[in-house]
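This report refers to the structure that appears directly beneath it.
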Amino acid sequence: MSRSVFSIPLALGIALWPLGGQAQNPAEATPPDKLKLRPGFHAELLYSVPKETQGSWVAMAVDPKGRLIVSDQNGPLYRFPVPAPGEVLRPGDIERIALDIGHAQGLLHAFGALYVVVNSNERPKGLYRVRDTDGDDRYDKVELLREFTDRAGEHGPHSVLLGPDGKSLHVVCGNQTPLPDGALTRTPPFWGEDEVVPRIYGRGFMKGVLAPRGWIAKTDPEGKNWEVTATGFRNPYDAAFDRSGELFAYDADMEWDLNTPWYRPTRVNHVVSGADFGWRNGSHKWPDYYLDSFGAVINIGPGSPTGVTFGYGAKFPAKYQNALFISDWSYGKLHAVFLKPSGSTFVADREEFLAGQPLPLTDLLVHPGDGALYLAVGGRKVQSGVYRITYKGGDSTDPVVVSAESLESPARKLRRELESLHGQATARAIASAWPYLGHEDRGIRHAARVALEHQPFEQWKGLALTERDPGSRLAALVALARVAPSESGLIDGLLSALNSMDYTGLSPALRLDWLRAYELVLVRHGGGFPSQLSAPRREAAIAVLDPLYPAVSVQENMELTRLLANLGAPSLPGKGVELLESAPSQEEQLGYATNLRLARDGWTPRARKGFLEWLVRARTFRGGANLELFVTEIKNAVVAGMSAAEKAEYATLLERKPEGEGPQFTLAARNFVKLWAVSDFDDVIHVGLEGNRDFENGRKMFGAASCYACHRFNEEGGAVGPDLTSVAGKFSPMDLLESIIEPSKEISDQYGAMVFELRDGTQVAGRIGNLNGEVYQISTNMFDPGNLTAVPANQVKSVTPSPISMMPPGLISTLEKDDVLDLLAYLLSKGNRDDPMFH
């Protein structure tokens, strides 16, 4: 049987309910028999929280006596003993902690006390310590160790972790919380937005909030001394240390940005020392490849990250003892992430470990007493509960034996040695870090650059401007552009050092580093936007950059469009509109248009007409709640740059409405070719995709067949369907072909749609994308993921799996046979990622 790759829902994330299954009583958490678990695992619902009296639980910890301590999001703390196997909790088992403390999103019992991270608008937000001072097993003292001043909202302080040294605490905060006053920082404190063009905001959530935001910091048990480990997160709710002391966080996406080039899926980050993970507001979020950022270990997709824990101590098979479990609140999923060392950092695979409908996961832990995994669900006043997951299968659950050698590779040891230089100026740092600035391992060169940035730039600026190795030079120039003040007089030296490099001789990755270095020089030393360079400098920069545009890869073209917009290059409209018209994906088109909106010189009638026609098509684009407003901001900026005569000339085009309702990614009409059947490819598919296929045409066909509307591939495309980047090596050409031509033949449990039958006899097809109180927000159109239908939970009569894939058939009916083969080859092209088009 083939494996379904493309069969997708209208939105992600809820488990398959048995046919005809009745919806549970809204006053109870989802029954265990409605949950989908990996084979061999067993779920028990220990307690359905009475919402009116005990609220909705969002944080959980275990105390020295093995009791669980939980917090209502909007109320007090509670504790209770873990019931014996097969038993459940009763309301009388739940003890309210009789202190004026609660509203916690982080709990930890350590150093003989309970640490509580409060995130509430009703009391000071911050890190608290709760103690039993007289030994009577009752907490009696509350201390506020550190108050966090931030905006009202849910992106505030979250979890608190015990450090791997057993002597420290680590606090995780979202992007509504400024850095702690007086904190030291391992991330070099040369804060900036570092974009060469103005952003667009959409709805303007947190408008005006600038970096640094979203951070993890280390403190002592008294909460007196603070040191920021890393910044640039959006809203990580939790993080966890592995056995070797490496830290991993599960960061949130901005769901309003779905289907834009700056959308970043929920993702697991390896939290290395000194990193800035690039959260910026609106369209200014940094892509993963920026040299001065660090990227993700694995992208997960849309969701709402909550609790995180490793499976250490669980009585599970070895695979799951070593897994990083990450919770998704909105889509009701618990993912198991399997980290694999890769040089000084990690790569990862993942699988869906548990799912339910609804299952708003908030926190989880492995209990040291019984080795079971305990889960809390709740939040935002939805029905709350506590579950226990145990393993009853036939595989061994013996504790994994870990050797000391396996915990630290030579590459990780070197990275950590370089990280020991962070946050301080020391005589040996420059000589120690410099040889590793151009290292092939990203983690090592990141650690070296950060160490360098903590040293006085006067001591190493000469080395940076004269370094001969391309990788080392670019890392040093990025560091120098960031740390040297604009009045340092280094602008000519920086530009000369970049302009003298042979761009075409650089690797694809180093080309992106060169472009990033150029951007940082312009924004930090060239006056920002529009460029304030002197006319000779500006003309010299355009003379260097313009011949490079357009380039081979999408990423290069995106950065060059930004740079040329900043400099006001007159060639930009003509070249940029040609790229805009040929780009196959909505995301790529929006990226070009966002920068082209700023061009004032060089508009020919052909370019102007082409851009305005694109604006008409862009009105058909679908995505998150910001998308329509982003397009409006682009149009308003373009119109503001037009003369009165141009506005009159193009008045009809400016007012034109799009034809049809579906996304229109290209102006070129495509004719019906054939309603393809799998058997039409019998002569080629069974012998593989032999011969030289056209990957560039395959990428275009990915757009022509509307694949980009729902799927991501190589960091492009939508996010409501499976990310197809990793299909190579996992699926055969036949698997892919069947999934495209016969999407309902086999529907993946992970992405199947559900039919919600309501008590009035009506039906809603889709999947829960959000919850609020007792209302399900159901996504019903995969091409319009931001459009949700509200369904009261108490009106749902039953929920059954849909036998019809939400991926429509016939998407490739306008493609020729060779086009289909090029599309398959493109998707299976992982072995060809050294080609520049993949960078």
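Readers should treat all values here as calculations from the given coordinates under stated rules, not as data from a laboratory. None of these values were measured; they are calculated from a predicted model. Quick reminder, even Gly has a Cβ in these numbers, built from the backbone with ideal geometry, and neighbours come from all protein chains shown.
Report the Rg/Rh value for the stretch 304-462, based on alpha-carbon coordinates and the Kirkwood definition of Rh.
Here Rg/Rh amounts to 1.13.
Along its three principal axes, how long is the stretch 92-151 when you only count alpha carbons? Whole Å, largest extent first please.
38, 27, 16
When averaged across all projection directions, what area in nm² does the alpha-carbon convex hull of the stretch 460-523 cover?
3.8
How big is the dipole moment of the stretch 151-269 about its Cα centre under a simple scheme where the beta carbon of each Lys and Arg is +1, that of each Asp and Glu is -1, and everything else is neutral? Debye, nearest 20, please.
180
Towards the positive end of the charge dipole of the chain, with charges on Cβ (+1 Lys, Arg; -1 Asp, Glu), say which of A551, S406, A479 has the farthest Cα.
Ranked along the dipole, the leading option is A479.
Quick one: putting +1 on the C-beta of Lys and Arg, -1 on the C-beta of Asp and Glu, what dipole do you get for the stretch 521-571 around its Cα centre, in Debye to the nearest 20?
Approximately 200 debye in magnitude.
Any idea how far the Cα center of the stretch 245-266 sits from the one of the stretch 458-529, in Å?
29
Could you pull out every residue, at least 5 positions away or on a different chain, whose amide H is within less than 5 Å of the one on L46? Hs are placed 1.01 Å off N in the peptide plane, and Pro or chain starts have none.
When sequence neighbours closer than 5 places are left aside, the close amide H contacts are V386, Y387, R388.
Taking 7 Å along the Cα-to-C-beta vector as the label spot, tell me the D134-D181 distance in nanometres, rounded to one decimal.
Modelled inter-label distance: 3.5 nm.
What residues qualify as long-range amide H neighbours of W226, i.e. H under 5 Å apart, gap of 5 or more or another chain, H built at 1.01 Å from N?
So W226 has HN proximity to L184.
From the backbone phi of the stretch 79-85, what are the Karplus-calculated ³J(HN,Hα) couplings (6.51 cos²θ - 1.76 cosθ + 1.60, θ = phi - 60°) in whole Hz, Gly and Pro given as x?
Couplings: 9, 6, x, 6, x, 5, x Hz.
For the chain, what proportion of DSSP beta bridges, expressed in % and rounded to the nearest 5, is antiparallel?
95
Which residues' amide hydrogens lie under 5 Å from the amide hydrogen of Y776, considering only partners 5 or more residues apart or on another chain, with H built in the peptide plane?
V791, A793
What net charge is computed for the residues neighbouring L506, neighbours being all others with C-beta under 11 Å from the C-beta of L506, Lys and Arg scored +1, Asp and Glu -1?
-1
What does the helix-only formula give at 222 nm for the chain: each DSSP H stretch with n ≥ 4 adding -39500 (n - 2.57), the total divided by the residues, and the result rounded to the nearest 500 deg cm²/dmol?
-7000 deg cm²/dmol
Work out how much length K141 to E193 would gain on full extension: take 0.36 nm times their residue separation and subtract the Cα-Cα distance, in nm to one decimal.
Stretched fully, the K141-E193 segment lengthens by 14.5 nm.
Quick one: which of 101-107, 564-570 comes out on top by average Cβ neighbours within 10 Å, and what's the full order, highest first?
Answer by packing, highest mean first, reads 101-107, 564-570.
I'd like the FRET efficiency for A640 and R151, computed as 1/(1 + (r/R0)^6) with the beta carbon distance as r and R0 of 30 Å, rounded to 0.05.
That gives a FRET efficiency of 0.45.
Ranked highest first by average number of other Cβ atoms within 10 Å, how do 183-191, 704-712 line up?
Those peptides, ordered most packed to least, come out 704-712, 183-191.
Can you figure out the FRET efficiency of T762 with D33, using R₀ = 35 Å and their beta-carbon distance, to the nearest 0.05?
With a Förster radius of 35 Å, E is 0.85.
For the chain, what is the convex hull volume of its Cα atoms per residue in Å³?
173
Please work out the C-alpha center-to-center distance from the stretch 330-366 to the stretch 130-156 and express it in whole Å.
About 29 Å separates the Cα centre of the stretch 330-366 from the one of the stretch 130-156.
Apply the Karplus curve 6.51 cos²θ - 1.76 cosθ + 1.60, θ = phi - 60°, to the phi angles in the stretch 599-611 and return the couplings in whole Hz, x for Gly and Pro.
Karplus values, whole Hz, x for Gly and Pro: 5, 10, 10, x, 7, 8, x, 5, 5, 4, 5, x, 5.
Give me the dipole magnitude in Debye, nearest 20, for the chain about the Cα centre, with unit charges on the beta carbon: positive for Lys and Arg, negative for Asp and Glu.
Rounded to the nearest 20 debye, it is 920 debye.
Report ³J(HN,Hα) in whole Hz for each residue of the stretch 525-536, in order, from the Karplus equation J = 6.51 cos²θ - 1.76 cosθ + 1.60 where θ = phi - 60°; Gly and Pro get x.
Whole-Hz 3J(HN,Hα) from phi for the stretch 525-536: 10, x, x, x, 10, x, 3, 9, 4, 4, 4, x.
Using a 7 Å offset from Cα along Cα-Cβ at A404, what residues in the stretch 143-186 end up with backbone N under 17 Å from the label point?
165
Compare the peptides 541-549, 638-646 by average per-residue count of other Cβ atoms within 10 angstrom and give them in order, highest first.
Descending packing order for the listed peptides: 541-549, 638-646.
Any idea how far apart K340 and E95 come out in nm if each label point goes 7 Å out from Cα toward Cβ?
Label-label distance for K340 and E95, simple model: 4.8 nm.
Which entries in the list K36/K315; K34/K392; K65/K333 go over 22 Å, if you measure between the two C-alpha atoms of each?
Pairs exceeding 22 Å: K65/K333.
If R₀ is 41 angstrom, what is the calculated FRET efficiency for the pair V88 and M734, using the beta carbon separation as r and rounding to 0.05?
Once rounded, the FRET efficiency stands at 0.25.
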